[in-house]
Amino acid sequence: MDEPNSGLDPQTSLVIDKLIKDITIDYDITTVVNTHDMNTVMESGDHIVYMHQGKKQWEGSNEDIIFSEDKLLNDFIFASEFFQDIKEMRKTEAFRDKKWRHKGGEAGNK
């Protein structure tokens, strides 16, 4: 799929991401998504390939991105100070364990 969330608002993008993931799981298929939407990459991507100038620059999981030292990858994904701060916070143990996520209305539930 090429940019399935292009031009969509953030909430509709989340619905599309969930639909793609559900179809992928229900039909036990591999889905390739080409996107610049970092929400899609970080929330939906199981295996991520970062391309730069038509060549594979980096490959790994969404968690691997957080710990990657690849300058081109980091400059692309974490371009703003806000996202650089998020990356640093995600490196902490609480974030690695995903204790920061809110599930079922309570913080800290897994």
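The values are calculated or read from the model by the stated rules, or taken from the named source; none is laboratory data. Note that this is a predicted model, so its numbers are computed, not measured. With ideal geometry, Cβ positions are generated from the backbone for all residues, glycine too; neighbour counts draw on all protein chains shown.
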Filter result for the condition that a residue is modelled with pLDDT of 85 or more and out of contact with any Ser or Thr (no Cβ under 7 Å at 6 or more places or on another chain), over ASP75, ASP97
ASP75
Just give me the residues in segment 24-37 being surrounded by 15 or more Cβ atoms within 10 Å (Cβ to Cβ) and either assigned by TED's automatic domain parsing to the domain that holds SER68 or hydrophobic (A, V, I, L, M, F, W, C) (or both), in sequence order.
VAL33
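Okay, residues lined up against (1) among the β-branched types (Val, Ile, Thr); (2) part of a helix (DSSP H, G or I); (3) in contact (Cβ under 8 Å) with a residue 60 or more places away in the chain; (4) over 16 Å from SER6 (Cβ atoms):
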position	(1), (2), (3), (4)
ILE25	yes, yes, no, yes
ILE29	yes, no, no, yes
HIS36	no, no, no, no
ASN39	no, yes, no, no
GLU43	no, yes, no, yes
TYR50	no, no, no, yes
LYS56	no, no, no, yes
GLU59	no, no, no, yes
ASP64	no, yes, no, yes
Could you say which residue among LYS55, LYS21 is out of contact with any strand residue (DSSP E or B) (no Cβ under 7 Å at 6 or more places or on another chain) and either β-branched (Val, Ile, Thr) or loosely packed, with under 12 Cβ neighbours inside 10 Å (or both)?
LYS55
